[in-house]
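As structure tokens, the structure follows; a few thoughts come after it.
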Amino acid sequence: NNESKNPTIPINNYYTLISRIENKTVKEYINQNLELFVKDIVLNTDNLTEDEESVLKLLNSEQVSDDLKKSLIEKNNCVISDITKISLKTSDEETEENADKSCINLWDVVITKKKIIPTWKNIFEYFKHCENKLTENLIIFFNDKSIVANLTKEKPLSDEEMNNKSENYDVANNLYSCILKSDDLLLESYSALMKVCPWYYTNLSKYDISIDKMRFLIEGKKISLTKENYVGVKSSHFTLLPLFISTRFSKFIKNELELDFSVEDALFLLESNEL
């Protein structure tokens, strides 16, 4: 195009431009020397702007080394829309186990470098490949305010997925079980993620989260007034007990839960401002 012919305008997307030309000889030459081309031309470009399709071709190419792929992800301005488009297999000679490991390494890079569009689909896929664990990489990703703000514009599950209890239902359930107990998520991220959580909890497996996070769960009515939750809140954050009871006071006052209710509890509650 005219811009690429103008020497005063830098070219920032060599591979994208070459992919669009009709000259097959040039394309074949580049593809036969792809590792060198990426190393000496593409990665030496300032303000790299290869488009997503071109980046994915390079990331999925067996001719480009992992180190160059990681540099490409880090340096290029483009973000990947679908993490599953980064292929699981990079070489015919690799075993399935090694291929998975190689893929996870690249997935780690797009997550840690924040070069992936924050969608629940991408989060679920990455979480599954992390063996349903809230890894340090995911925590870093979630602790970015802008990322979580964009992610939580949508609900994790559609109404249909909730009703049908789809595969994503189980993945989201496992993910939220990890989020709920996390000490490492910032309060702002934790609150935003829990605000769109589709469930409320009758029994937390962990109650010693921070008092601010527990207060959010109570005020957001994410934990219901059950005997297990009453005992858990009382043992971990006794000062929040009046607030917790106030959310379901009629249920509490009828003693439907058959609580082991002491005189000290009664005096504390009577003196509280929440009730």
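The values are calculated or read from the model by the stated rules, or taken from the named source; none is laboratory data. Note that the structure is a prediction, hence the values are computed from the model and not measured. Backbone-built Cβ (ideal geometry, glycine too); neighbour counts: all protein chains shown. Surface accessibility is based on the protein's heavy atoms, side chains included, excluding ligands, DNA and RNA. Shrake-Rupley method; radii C 1.70, N 1.55, O 1.52, S 1.80 Å.
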Notebook entry, point to check: Got at least one residue in the stretch 18-27 being out of contact with any Ser or Thr (no Cβ under 6 Å at 6 or more places or on another chain) and within 19 Å of V110 (Cβ to Cβ)?
Noted result: no
Note to self: Tell me yes or no: at least one residue of the stretch 141-162 is within 16 Å of the chain's Cα centre (by Cα), touching a residue at least 24 places away in the same chain (Cβ under 8 Å) and closer than 29 Å to S235 by Cβ.
What the structure shows: yes
Margin query: Anything in the stretch 183-197 that is farther than 19 Å from N132 by Cβ and surrounded by fewer than 20 Cβ atoms within 10 Å (Cβ to Cβ)? List them, or say none.
Written below: L186, L187, E188, S191, A192, K195, V196
Note to self: Give all pairs with beta carbons closer than 7 Å in which a residue from the stretch 227-254 that is farther than 19 Å from F216 by Cβ and in contact (Cβ under 8 Å) with a residue 24 or more places away in the chain meets a residue that is of a type outside the set (S, T, Y) and assigned to a helix (DSSP H, G or I); count only pairs at least 6 apart in sequence or on separate chains.
What the structure shows: F252/I245
Notebook entry, point to check: Do you know which residues across the stretch 147-166 are among the hydrophobic types (A, V, I, L, M, F, W, C) and open to solvent by 30 Å² or more (accessible area, probe 1.4 Å)?
Noted result: A149, M162
Note to self: With the structure loaded, tell me whether E256 is out of contact with any Pro (no Cβ under 9 Å at 6 or more places or on another chain) and within 21 Å of K155 (Cα to Cα) or whether it fails that test.
What the structure shows: no
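Quick grid of which residues meet (1) surrounded by 15 or more Cβ atoms within 10 Å (Cβ to Cβ); (2) modelled with pLDDT of 95 or more:
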| site | (1), (2) |
| --- | --- |
| E52 | yes, yes |
| L56 | yes, yes |
| L72 | yes, yes |
| S87 | yes, no |
| E96 | no, no |
| S102 | yes, no |
| K114 | no, yes |
| W120 | yes, yes |
| F142 | yes, yes |
Checklist line | Lone unmet requirement of (1) more than 21 Å from T247 (Cα to Cα); (2) open to solvent by less than 30 Å² (accessible area, probe 1.4 Å); (3) among the hydrophobic types (A, V, I, L, M, F, W, C) for L180 | finding: (1)
Checklist line | Looking only at the stretch 210-259, and only at residues there that are among the small types (G, A, S) and open to solvent by less than 60 Å² (accessible area, probe 1.4 Å), the one that is farthest from the chain's Cα centre (by Cα) | finding: S246
